[in-house]
Amino acid sequence: MGMQALRMASGKEACAWSPTEIAAASEALDRLKSSALSEVGDEGLAGLVVMFGLALRRAAPNSPGISDAQRTAYTSLYSKLLTTLSYVCHDTADHVLSPRAPLEVCTALIKTHALRAFCPLLAAAASPLLPAGGQGQLQPRPSSRAVQAPSLLLEDVRFTLGVFCDALETLSHDDSWRLASALHEELAASGLLEHWALALALASWEEGEDGAVRELPKFSLALADLLDYGDVKPWARALASGSCPSLAYLLTSHLVALAAELDGGPTYGLPTAPADGSTGGASSSSSPPPKARLPIPLLDAEGYPLRPRQPLGSQLAAPALSLWTQALSYAASTATGGLTCGLSVNWAGMVLTARKITLQAAANRLLQLKEQLDQCTAAAAAVEAPGAVAGSPQHTALIAAQASWADCCGVFNGVFMRGNLMVDCSAAFQLGMRLARAAAYALRGCPDLLLSTSTGKWSTEAAVQALIAAHETAAWTDPDSPPLQLQGAEAAGRLSREDAGVLAWRGLRLAREARGLARHSCDWGCPSLEPWLLRRLGAWWRAAVAWAGLWQRQEDGTAAPIVGLDDACRLLHLKETTAGSALDFKLIDPRCAVRHGYLAAVEAIVRQSTGPSPVPEGLRFSDRVWADLLLRSSSSKVASVAGTTAKLLLRAARSPERCSKAQISILLWASLFAALASTGPIHRILPPENPGRLALSAAHVALTALPAAAALGRALAPGVLRRLDGGGALELEGDGGALGDVVALLLDWLPPLLVAAEGRRAEAGVMGGAAMVSAAVAAADAADSAASSAASSVAADSTAPTASEREWSAFLWTELGPAWALRVGLRLAETAEACHTPLKDALWALAVRAPSRLQAMVPAAGAEEGQGGEAVGGGLGGPSLGVLRRVLVPGGALSEPDLLALIEVVVGCGGGASGGPSIELSSFAKFIAITVSLMPPPSEARQSLPVCSNPACTNLAGPSEASLRVKRCGGCEAARYCCRECQAAHWEAGHKRECRTAAKEAQATEMAG
């Protein structure tokens, strides 16, 4: 019969099955049971799927030419076929069927439109519950038979989708993505979920049938599983355009009622069931409303209809929030052409609402698309050969323009229709924040031990109170709207810890997406939006950081965010925009995030991470975002992050053979960009409100993270260089890439450290090189008026170095020793481009700021040649002149002939002072030659560092470096230690001498006094 069904589907055979034949097929399936698939084999699967779709269609009440007896037989047949097809993954695992069998069955279900065949069945089953003519009240007490029919069909629909869910878990990533995307498109086009929502709501009305209600958590689980795969854009498009009103109402009303049950707040017009038996009406936000009467009742944690004060279940809440978020994201993307354009509207003096912003964006986009559509239409019409139009590029462009126009029209209509909550940004934002607030109150009385990064200690009561305080209602509600009368006692203990975490992060994700369009437009240069957005976005970040920074103690003794590590990273993820220049520092998200403890939450995740990389994927931002975050943060926060970064680098240095680029590069971002603040270049981009704060942050990063980075680089370099010298390749994703990142970091920091350590003093007597450099700098100053003006404010002198310069000089040349980094950077520059710019800037800075250091670092050509050149796999000394020439000559890796000429003069191998004026300094070299350092002396900066005095300390206990408890040394009272082990290690490493000397000095001072 399966083969016959295939022939029927292809039109090669007439449909002429009698009830007896259909019953025989059902009996065969009953007899074979779970072995049916093994009997038909892979070649018979397509026939079974076609037979399943055929039986579904002929089971519908209005199927033409089908008798009641046949219809009854077909109903039994499709149910048995569905049971048989559900074994496909099981039989594949047992090697009864081929590995491709699940994919082939699911693909056949989509191609034969079997899912669409459920729609007329659901519509027919729900019709007895509807009022006559579709108007008036629903039947208050439907019969059990009337309710049972849609309930059974709902189970069959869920069972069919379960076949897809099982198959998706067995497929490869690419196959599962393609299958899920095709399924989403079919579900949106078929309207199946719309029929399912209506049937479920009707079957559950007045709690008419527990079976229908019990179907909800099962279907919610299948829905949640499907949303984890593929592209859900078809669902988002259907919900945003308003083409699925029943599904949209079911999802949004469920979330509204859930929020009202937890916080006693408004139901926004949802029909209510008054206790006095009078006609229900919409509630207002000014008075406590009666409980909402839902299309389907709320469920408890076990999936049964909710009873008073019982724990709530969140089975449908998670997929409902996910779909609503996807609909908002689709609307924002469509209204802005994929977030590639912004609003140019002046909102000053206007009463702003999220709906106005969305409508204006969609209207602007429609005007652009209309112009594009007219152009494409004219271009397609201009094609002379009518037969070639369909395949021409003009016709393809026209089809794309028509699709974009239709999508944007759908969003505009969806927003314009006030009843479509799926694109109501104001309602979504408020409801998302309400759910997160209710989840916070639900944790009251939580038996687990909790920690909040804002308090820094393990105390459940303090952590929950801090979390609740982060959800202050007045901070995120509209000032012009009636105040929300929300309670907290209603929620206490009503959600499990896991459900509270899920509800919070999904609610906050919905609220964030509701402000996505406004945030994007503000970043694109619509400053009149900023006052309206800052308050709301700030409230969101305060709540998001509080949830991401809430940790629980697990059974194995480790700690993890209560919302889960991945979801915490999703909350903290900073979306970037393509607007503006690379470093304009006008992104609104970092500004709001930093004010509410963002860095502390990120640091806690990094310290506790146990994955292959210390920083999870969700927190890997671009250089631009990290720079914005660090330059807006307090120096104490930056110092804490730098301390954590240093300890992670030291841990990596202990096992350099296991280092990879992915592990190391993320650790260096936090260190890299504070370099901008140390010399002053950042002031050209962002005039700092507090230059001292930025300079202190830079000093903290230099003193903590750079020595650890240098230790890691020295551990990595021998192995990488030995492999390169032996003819091996540079492993960019392994230790070679990690070494390149470390060396690039150190070279990036060399210019600002040179400025701090080497004053603008004339260095006479260095083989004539200093005079040469002075002449070149003077010529550059005369040619550049801006540089000349800056130079006049800080004149070169020949005075002795200051105390600050002596301290930074000792740190740079003794503790860091950058000569090896220059040598390794030159070697890597011949193989990869990672070090090109940092290396070039570092060499220019050395030549113009510290020529005597460069002359001492680079051996004379004669001495080098006398040693027979560079030895293969040589040590980590300074750069040789031979390598410098090979890299800097025209056509070399860097190709900087002026820089090479200057270096040759400095080391005494060039043409003398007469060639000086012909050297053209780079703009960076001109700046470094005349600038001054803003960083405080190391001794001053170290006083505010919250770190253990043991330089080898790798203790990552606690949520942050600042929260790590340290005790002062009993002898000198200057050193601080986090544990006895660090104190003992530092004592043996040299603190013994320092401590005794300090104690003697203190005693002498006391006696003298």
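The values are calculated or read from the model by the stated rules, or taken from the named source; none is laboratory data. Only a predicted model underlies this, so the values are computations on that prediction, with no experimental measurement involved. Reconstructed Cβ throughout: ideal geometry from the backbone, glycine too, with neighbour counts over all protein chains shown. The area values use the complete protein model at the heavy-atom level, side chains included, leaving out ligands, DNA and RNA. Shrake-Rupley method; radii C 1.70, N 1.55, O 1.52, S 1.80 Å.
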> Can you pull out the residues in the stretch 695-739 that are in contact with a Gly (Cβ under 6 Å, 6 or more places away or on another chain) and either surrounded by fewer than 21 Cβ atoms within 10 Å (Cβ to Cβ) or at positive phi (or both)?
Replying inline: ARG722, ASP725, LEU730
> Does the stretch 40-68 hold any residues that are within 23 Å of PRO128 (Cα to Cα) and of a type outside the set (Gly, Ala, Ser), and which are they?
Replying inline: LEU56, ARG57, ARG58, PRO61, ASN62, PRO64, ILE66, ASP68
> Any idea how many residues of the stretch 445-457 are touching a residue at least 60 places away in the same chain (Cβ under 8 Å) and open to solvent by less than 80 Å² (accessible area, probe 1.4 Å)?
Replying inline: 7
> Do the conditions hold for CYS909, that is, is it at pLDDT below 85 and not assigned by the TED database to the domain that holds LYS637?
Replying inline: yes
> Just for the stretch 979-1009: of the residues that are open to solvent by 70 Å² or more (accessible area, probe 1.4 Å) and among the aliphatic types (A, V, I, L, M), which one is modelled with the highest pLDDT?
Replying inline: ALA989
> Looking only at the stretch 931-961, which residues are hydrophobic (A, V, I, L, M, F, W, C) and under 33 Å from the mean Cα position of the chain (by Cα)?
Replying inline: LEU945, VAL947, CYS948, ALA952, CYS953, LEU956, ALA957
> List, please: which pairs have Cβ atoms under 7 Å, are six or more places apart or on different chains, and start with a residue in the stretch 921-945 that is within 14 Å of GLY759 (Cα to Cα) and end with one that is open to solvent by 50 Å² or more (accessible area, probe 1.4 Å) and hydrophobic (A, V, I, L, M, F, W, C)?
Replying inline: PRO937/ALA803
> Which residue out of GLU961, GLU940, GLU904 is modelled with pLDDT of 85 or more, open to solvent by less than 20 Å² (accessible area, probe 1.4 Å) and not aliphatic (A, V, I, L, M)?
Replying inline: GLU961
>> Pairs needed: first member in the stretch 552-570, within 17 Å of GLY456 (Cα to Cα); second member anywhere, open to solvent by less than 100 Å² (accessible area, probe 1.4 Å) and polar (S, T, N, Q); C-beta distance under 8 Å; at least 6 residues apart or different chains.
In response: THR558/GLN608; ALA559/GLN552; ALA559/GLN608; ALA560/GLN552; ALA560/GLN554; ALA560/GLN608; PRO561/GLN552; ILE562/GLN552
>> For the stretch 798-831: of the residues being of a type in the set (Ser, Thr, Tyr) and open to solvent by 40 Å² or more (accessible area, probe 1.4 Å), which is nearest to LEU753 (Cα to Cα)?
In response: THR814
> Just one of ARG116, ARG31, ARG57, ARG100 is open to solvent by 30 Å² or more (accessible area, probe 1.4 Å) and over 30 Å from ALA180 (Cα atoms); which is it?
Replying inline: ARG31
> How about the stretch 427-466: which of its residues are closer than 24 Å to GLY265 by Cβ and touching a strand residue (DSSP E or B) at 6+ places or on another chain (Cβ under 6 Å)?
Replying inline: ALA466
>> Quick test of your reading of the structure: CYS119 fulfils all but one of (1) in contact with a Phe, Trp or Tyr (Cβ under 6 Å, 6 or more places away or on another chain); (2) at pLDDT 65 or above. Name the failing condition by number.
In response: (1)
> Do we have ALA442 as crowded, with 20+ Cβ neighbours inside 10 Å, modelled with pLDDT of 80 or more, over 29 Å from PRO590 (Cα atoms) and not assigned by the TED database to the domain that holds LEU964 here?
Replying inline: yes
> Of all residues in the stretch 832-863, how many are open to solvent by less than 30 Å² (accessible area, probe 1.4 Å) and either among the hydroxyl-bearing types (Ser, Thr, Tyr) or modelled with pLDDT under 80 (or both)?
Replying inline: 2
> Can you tell me which residue in the stretch 305-342 is nearest to the chain's Cα centre (by Cα), limited to those that are open to solvent by 10 Å² or more (accessible area, probe 1.4 Å), at pLDDT below 75 and of a type in the set (A, V, I, L, M, F, W, C)?
Replying inline: LEU339
> List, please: which pairs have Cβ atoms under 8 Å, are six or more places apart or on different chains, and start with a residue in the stretch 82-101 that is at pLDDT below 90 and end with one that is open to solvent by 30 Å² or more (accessible area, probe 1.4 Å) and not in a helix (DSSP H, G or I)?
Replying inline: THR92/SER98; THR92/PRO99
